Amino acid sequence: MTIHYTVGISDANAHLIDVQLSITSPDPNGQVLQLPNWIPGSYMVRDFSRNIVSITASSEGKNLMLTKLDKSSWQAPAGLATLIVSYRVYAWDLSVRTAHVDSTHAFFNGTSVFLQVDAQEAQRSLVTLQRPVHDEAAAFNVATTLKAVNVDASGFGDYEATDYDELIDHPIEMGDFKRLHFIAGGVPHEVVFTGRCHFDEQRVVDDLQRICEFEIAFFGAPAPYDRYVFLIMVVDAGYGGLEHRASTALMVTGENLPTAGDSSVSDKYLDFLGLCSHEYFHNWNVKRIKPARFVPYKLQSESYTELLWFFEGMTSYYDDLILVRSGLISQERYLGVLSKTLTRVQRGAGRLSQSVTESSFDAWNKFYKQDENAPNAIVSYYAKGALIALCLDSLMRSNSESRITLDALMLKLWQRWKETGEGIGEQEPQALVKSLLGLELTEFFDAALYSTTDLPLESALAFHGVQLDWKPRLSASDMGGNRAKEIAENKHGVYWLGANVVDAAGGVRVTHVMSDSPAMRAGLAAGDVLIAMEGYAVNKEAVDKLLARFAESSSIDIHYFRLGQLFQSALSIERAPSDTAVLSVVDQVLVDAWLVSTSATAVKVS
């Protein structure tokens, strides 16, 4: 091997990863080394190089000076026969995107740890994982989908990658973790839980197996990997996931896992299943089928694409759809989940100021850097993208007598990737829909993708046998769903503040103020601490109650602190707007055709 990384942890309490990079054939003109600035799947420049706390170099026993070229690049002197670079990486970011080390475990992505050897990205590399030296590490094992070459029973030893792109696409976990196993589509799967947790292990295995088998069958065996691993960190607070070519890194809390003896699907466990379904679907839709602008990945600077509405939105549509089609949740439960997505998009004024393609293109400095004004300025390409998929599915069905569905588009894209391995162009999904249907849906795509016009959701759902009604929220936490009884008892909804708040010392702290809301007109802003409403003390629970108490008033006095100064203003008493989705089944046959069938498998996708 011309490129060899040795990874050790000599001081876990300092949260440091020790790396030695040996290059047997460095560039004679002066080898350049780079660390990525972002990680595929998370579209924000994160400057991983800032965590390199020291770096030195040598050749044939002599120390060398590395020249810093920019924030994440170094160059060695010219004329070297060999090159050894030793560096330490600070690893204290408990997330799925970077690296985290302490005495209990070590987790890292290659983008945080492995310097890229410039102009040798296509070279095969060897990785040696050494057991950490602290006492607790005696019980550690390794979990990764890197190809093992020569490892011990715990997984420490040598691994290899065919090129740099593969090297950084297999996260690594070391720890005394819980490891579960199952087979799906003939492929071994592992589920690794790091962190203290007690739950119904067999149920998790059974449910994940069902999800994985369904998705493999959907795209068609064989699966695009020989082995798959779910790397799950169980924490006290946090949630998220990041896809990789043969694994996913997930972060959940213990509440997301099912309790032994409880066969119900809690909302938290449903979130976990949806997250797993989402990241697993990415094995096809983004890890293989991907934007042409990501082929190859250029990880030193932003790679702009308008297609995240498709790759994240389409995946967000299918993740919960697969749960109902595979029988893990009922149709009623699925419609409840869908209603929350509808409500979330409808309540965001950002949908009226930013198109979904703009949201994708600007993900680097807007979607991934949200602030207190985000709900008013940004639309989610995940959530609105899922609703675009819903509308497109109904349009494809209605224009083909239900012979051609959205499933056919996904299968056509998968077949295309298997044949060419190429990324898709910025407007290629539209062209592929035309080739399947034999007609263009230009008007729909122009409005859905490039404008801020609301989607034709009522007609799309009607085609699926579901009626969509917009109702006022019944409480601050009401996100919609099946609630006919509650609506009958309170047809008018609640009075609303028009701001999100959290409990704070002496009152509630404002986190977001919605456009054209009572709170905005009263002058409230993010960071303000609301301490009184009409002379009454305030906490989060009391806000709705106080607004209801003074329902007959046109306005009430409010007092709040901003930057240590006390302010007074008048807050108008207003009913909550009709922005809460309520779904009801009106034609069960149509609902079954949508939520039960996978008719695309019978369509020839040529």
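Numerical summary
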{"item": "Dipole magnitude of segment 247-399 about its Cα centre (Cβ charges: Lys, Arg +1; Asp, Glu -1), debye to nearest 20", "result": "400"}
{"item": "For segment 257-397: Kirkwood Rh in Å [reciprocal of mean 1/r, alpha carbons]", "result": "16.3"}
{"item": "Nearest-ten-degree value, helix 406-420 long axis tilted from longest Cα axis of the chain", "result": "20"}
{"item": "Counting DSSP beta bridges with both ends in the chain, the antiparallel % (nearest 5)", "result": "80"}
{"item": "Selected from Gly185, Tyr317, Thr56, residue furthest toward positive end of dipole (the chain; charges at beta carbon)", "result": "Tyr317"}
{"item": "Estimated D of segment 25-74 in µm² per second, where Rh is the Kirkwood radius over Cα pairs and Stokes-Einstein applies at 10 °C, 1.306 mPa s", "result": "125"}
{"item": "Between helix 331-347 and the chain: long-axis angle, C-alpha atoms, 0 to 90°, nearest 10", "result": "90"}
{"item": "Cα-derived Rg to Rh of the chain, Kirkwood definition", "result": "1.00"}
{"item": "Straight-distance crosslink candidates among aspartates and glutamates, where the alpha carbon sits under 13 Å from Lys71 and sequence neighbours closer than 8 are dropped", "result": "Asp47"}
{"item": "Cβ crowding within 10 Å averaged over residues, with 179-189, 424-434 ranked highest first", "result": "424-434, 179-189"}
{"item": "Contour excess over end-to-end distance, with Cα ends at Asn539 and Ala81 and 0.36 nm allotted per residue", "result": "158.0 nm"}
{"item": "Net +/- balance of residues flanking Gln430 in space, Cβ distance below 11 Å, scoring K and R +1, D and E -1", "result": "-3"}
{"item": "Segment 507-593: relative contact order in percent, alpha carbon pairs under 8 Å with at least 6 residues between", "result": "26"}
{"item": "Cα→Cβ-extended label distance, 7 Å offset, between Gln130 and Arg227, nm", "result": "2.4"}
{"item": "Cross-link reach list, lysines versus Lys287, counting only Cα pairs under 19 Å and skipping chain neighbours closer than eight places", "result": "Lys147, Lys298, Lys412, Lys418"}
{"item": "Partner lysines for Lys369 [C-alpha distance under 20 Å; skip if fewer than 8 residues away on the same chain]", "result": "Lys384"}
{"item": "Most to least packed among 132-142, 52-62 [average Cβ atoms within 10 Å]", "result": "132-142, 52-62"}
{"item": "Length released on extending from Asp11 to Ser103, taking residue separation times 0.36 nm less the Cα-Cα span", "result": "32.2 nm"}
{"item": "Tilt relative to the chain, helix 428-437 - C-alpha long axis, 0 to 90 degrees, to 10", "result": "60"}
{"item": "Net +/- balance of residues flanking Ala522 in space, Cβ distance below 15 Å, scoring K and R +1, D and E -1", "result": "-3"}
{"item": "For segment 38-106 and segment 182-226, distance of Cα centres in Å", "result": "34"}
{"item": "Potential lengthening between Ala138 and Glu255 on full extension [0.36 nm per residue; Cα-Cα distance subtracted]", "result": "39.2 nm"}
{"item": "Packing-based ranking, highest mean first, of 537-550, 90-103 given that Cβ atoms within 10 Å are counted", "result": "90-103, 537-550"}
{"item": "Space enclosed by the convex hull of the alpha-carbon atoms of segment 135-249, per residue, Å³", "result": "132"}
{"item": "log₁₀ of I(q)/I(0) at q = 0.09, 0.14 Å⁻¹ - segment 3-176, Debye sum with one point per alpha carbon", "result": "-0.29, -0.71"}
{"item": "For segment 499-574: Kirkwood Rh in Å [reciprocal of mean 1/r, alpha carbons]", "result": "12.1"}
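No lab work stands behind these numbers, since they all come straight from the coordinates. Bear in mind the structure is a predicted one, so any value in this text is a computation, not a measurement. We place every Cβ from the backbone using ideal geometry, glycine too, and count neighbours over all the protein chains shown.
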